[in-house]
Every structure is written in C-alpha cells, then in structure tokens.
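The values are calculated or read from the model by the stated rules, or taken from the named source; none is laboratory data. These numbers come from a predicted model, not from an experiment. Cβ sites come from the backbone with ideal geometry, for glycine too, and all protein chains shown count toward neighbours. The area values use the complete protein model at the heavy-atom level, side chains included, leaving out ligands, DNA and RNA. Shrake-Rupley method; radii C 1.70, N 1.55, O 1.52, S 1.80 Å.
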Amino acid sequence: MALPKLAASPAYYSLVTANSFVLGQAAWHYRPTLFRSSQAQQRTLATNQAQQDQHLDNYNQRQDQPPPAPPRESSQSSPPSSSTTKSSSASDSVPASTTDDTAYTSLPPGWEDDPDYRITAFSQLPHRNFGYNQHIKINEDFKESLRQILWQFRAPIRYAFAYGSGVFSQKSGNGSSSSSSNSHDLSPHPNPPKAVEDWQKGGAKIIDFIFGVSHTQHWHSLNLTQHPDHYSGLRYLPYASAAISHVQDDFGAGIYYNPYITVNGTMIKYGVVNLDTLATDLSDWNTLYLAGRLQKPVKILRDNPRIRLANQVNLISALRTALLMLPEKFTERTLYERIAGLSYLGDPRMTSFLGLGASEDPAKISNIVGAQLPGFRQLYVPLIENLPNVSFHDRRVPGVPGWEKEDALRHAGSGASPASQTSVEDVLGGAEGLDLRQDMDPVKRGNMVRRLPKAFRRKLYFAYKKKFGIPGSAFEDVLEASEDETEAASGAGGGGFRRREGGEFERRIAGQEDLGEVMGKCVRGTVAWPSTTQSLKGVFSGGLGRSWKYYSEKRAKGKGKELSTVEVGEEGKEGKRE
C-alpha cells in the first residue's frame, strides 16, 4: 500500500523529474561524437563563412580597381627593391594606390621553382600585387549582378569565376560581335536584372560559372537541401550527395555541371569543382579542362590565394607552350590564338560525334581572341615582360609599365554593354596586336621545356623517347633528373631545390623541327579523354533532356555561324562580279 501512495505523491514526481533532468544533461554532455548535433558547428561554419566572404568581397572590390597610372615622363623604371617586396607581402590586399609603379608587373626571381600550394592567405603570395593580371575589368553594375547570384547559394563557395560569351563578347563568323549577332533570338533569362539586360543587349546568353569548393559531398548536401530542383534524377538516389560527389570527383575532369538554372531571374549554368582538383590541374595540367578555361579572360568574383598562385603557374605555362610551338617572329593575335586553342585540341565538341556534327563553332578560337584581345593582353603582357627569351619587337609599344592594363580599361570603357566598347581595331596595334620576337637559342628553349607542367612534360618526354631511341634505363635517369623535388647538390639534408633548368635532353627536344606538331599531339592526348568523359557525364549530371537541349543549341549556333560565313563569302563574290 505504501508504493501506490508514494507514486501518487507530488514529491515523488519532483524527485523523478530532477533525476531525469540530471541524467539527461549528463548523457547529452558525454554523448559520443557520432551523435553530436551539428547545429553549433553549422552556426560556427556559417559565421566563419560570412566573415570570410565579407573579407573576400572587400578584397575583390579593391582588386578590381585599376593599378595607378604610371608617370608619362618616365620611360624606364627600375624593378622594386627586395625591401619593397618584403614589406608589400605583409598585406593580403592590393592598395588603391602605390608609389611603386612596377610593383604590380614584376615577378620575384624563382617564384615558380618551389611554389607553396598549401597557402591559406593572400599575404603568403610572393608579393601583395601578385596575380593582379588575372582580374579583368568589366562593367561595375554587371559585375555586381554576377556577385549577387553567388549570394543565393548558402553552401560555401571558396573560389568563383564567370566566363564565356555571356560575360565576354565574341566575334561571329562575319566579323560582327556575338552580342549583336543574335538580335532576333529570345532571351534565355526569365526576368534578369537591368545590368544583365543592358550588358547583353542585342544577344542575351546563358552565363557560365565555376564554383570552387573545399568539401564536395558537404557542399552538394547543403545545396541539395536548398536547391533540389537544380539537380537531375541523381537527387532521388539514396545518399544523393555521396553519389553526386562520386560522379563529380571520379569521372571526367572532376567537375559537376548544373545547366539551365534560373537564379535572380538570370539563366545560368554552374560547375562545381573541388579546390584540390582545380589547383592540381592548374599546376600540373592533368586534364587541361579547367586550366584551359582560366587561360582565357574570365571574371573572378571570389578569389582564393592558393588558386591565384596555381593559376599564375598555369598562365605562364600556357605562354611557354605557345612559344615553343611558334616561330621566331609572330603577332600578339597569333600568340593568343595559340594559347586559346590549347584546351580545344582533342575536345569532342570541336569534332563530329556519331555523325551529329561538331557542337562548337569551328571559328570559335578566332572569334574569342578577335573580340577579347585586350583581355588576353592584360593576362599575358606582364608575363611576357618577365620572360628573358621573348619581347615585343614593335616601336608602338609604350615605354611605361602597366600600359596593357590602361589599354584594356580604355577598351572596356564604362558603357552599359559590349556594343558600346571601343572596337578591337582601335586597340593599340589593331586587330593583329603588336609584333613580338623570341630567342630561338636551344639553351633558353630547353629551359622552357624543363618548366612545362609536370604531367604534360612527361607526355612530351615519352613522345621523344621513342623518336630518340633512348633505352628504358637511361630514360628513367632522365625522368629522375627532371623531377621538381630533386634536392640540390648543395642542399645537404634536404635544404634546397634545384633550379629548373633544361639539360641536354631538353635542349635536344627544343631543337626539333617537329616540336610544335609533337606538342600538339601531347595536348590532344591530355584533353581528349577527360573532355569526352566529361561530355558523357553531362547526360547524368544535367539529365538527358537538358543535355540534348544544350547540344542542340550549341549545334544550331555553330550551323548559323557557318551559314553566315558562307553568305558573306557569296556576297563578296557577287560584288566582285559586279
């Protein structure tokens, strides 16, 4: 009888409640890591991401400001002193003004001999203005509209850029700008911001993005929760984020595209890539799929110090590769077309597939360079001026540092659309650009061979191993001697790295008459398989309907440009007959 009375007592319930509360708190505090709630971690991640995004947002706004105009009265300027370089590396932002006019053009000696791709801050770059050439100036309102699109993704984006004809104009086959060639086409954007509408006036196009992320599966898990409609049928699979990250990282070029997505009333296509994959391709050229896109003008919207360093290596590698494939004298346009064409060699989109025809315009490379020569100039002139074996051989070249940036800004102007820009013919040097000359000395060209990206260089070595008849054991010695990680003879205990200079094997390669042809085959061998598998992967990542729509539109555009070229040719013939 005592137990029922005790159970009915208010004191009993108070005691049980107090004990349950204490036990519950203890169990919660000492719970296993597996069952810990991620809410606090997510709040911390969100706070850290917001702070980093704000920092990068402020940084990119400063970075987009043009460098200071160099003094007109001085035609020569000495390189910055070592003390200037050291002090400038203490900050991770580019100032709006500086007293050193060459600080943003000079590259410190040996910066690419042993680059640290593990850096986490801009202050760890070789100097504070390092890589300024990668930031291409565009209309401020349009840039802000692109940045607003990024803010619609709650999943953390560490690096981002916009690229393609939706951002930079291209010339059509008849020589007119692609921004006006499709004046009768319907806009793909349901309700675009005024800045996007004005910038793409007369030829609205889908805007392409690439997002660099730190953790692939985590990013897709967050994005699937926020934007499930962005994904194909893969989102219905069990553990969808794991399946999507597997498709992204283990097939093709390591990038996952979501096409035909509307964000802020703007139709976009965005690709997601892991930062490790991106950095590796930029530095080693494993696939050239991502590196090739950044070898052309793009608009960087969210920067990352590690990727900026890797991309600077990518740009100077593209420049060396093009120089090794060119004769002693050439023009800027020839150089930039060679660079722009690297990533298209072996790309299945440039060739007929199963009798369906090429999905890309055959004149795409010429069209890109024809309309974007000032952007290419801004990317590569600072690198040309820092290479010892190539220089401008043209009396029209201004004798002041940073002239290419000023010319690019003048061409971009402040107009609302590409149609309001200065025509390329009005750019310094005209449509063909300025004249250049390179030193054909085998020693200097051998050094360029030695400094090619590791994965690509090995392909080139194997190509000439067979031609030179080098036995396997001797070839292994050549490969071992060419490794970047080889310790210097004087670096006892692993104290240093050998400067990457070409030996007898590299100089012999550099002197071959068929070097350009062999390098072209190596590029095709690098690009072909990743590009093909990436195109096939698009059927799964974008879905069959979206993939066919994308191919059909590309094919229709290519056919239209081929037709316009033929029509222009016929009109020219008729004019001659008259």
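Laid out as a table, the results:
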item: Point-to-point label distance, ARG410-ASP250, nm (Cα→Cβ direction, 7 Å offset); result: 5.5 nm
item: Theoretical FRET efficiency, 1/(1+(r/R0)^6), r = Cβ-Cβ of LYS521 and MET440, R0 25 Å, to 0.05; result: 0.70
item: Relative contact order, percent, the range 253-386 [alpha-carbon distance under 8 Å, six or more residues apart]; result: 19 percent
item: Largest-first ordering by accessible area, 1.4 Å probe, given options PHE251, PHE456; result: PHE251, PHE456
item: Accessible-area order (highest first, 1.4 angstrom probe) of the listed residues LEU237, LEU222, LEU288; result: LEU237, LEU222, LEU288
item: Nitroxide proxy distance, nm - points 7 Å out along Cα→Cβ at ASP141 and ASP426; result: 2.0 nm
item: Cβ-derived FRET efficiency at R0 25 Å, HIS218 paired with ALA455, nearest 0.05; result: 0.35
item: With all protein chains modelled, accessible area of LEU536 [1.4 Å, Å²]; result: 90 Å²
item: GLU328 paired with SER123, simple spin-label distance in nm, labels 7 Å along Cα-to-beta-carbon; result: 5.0 nm
item: Prolate/oblate/rounded label for the range 183-311 (Cα gyration tensor, a/c 1.5); result: oblate
item: Under 10 Å, Cβ to Cβ, from THR331 - net charge with Lys/Arg +1 and Asp/Glu -1; result: -3
item: Extension gain from ASP229 to ASN191, taking 0.36 nm per residue of separation minus the Cα-Cα distance; result: 11.8 nm
item: Ranked order, LYS194, LYS137, LYS405 - accessible area, probe 1.4 Å, largest first; result: LYS194, LYS137, LYS405
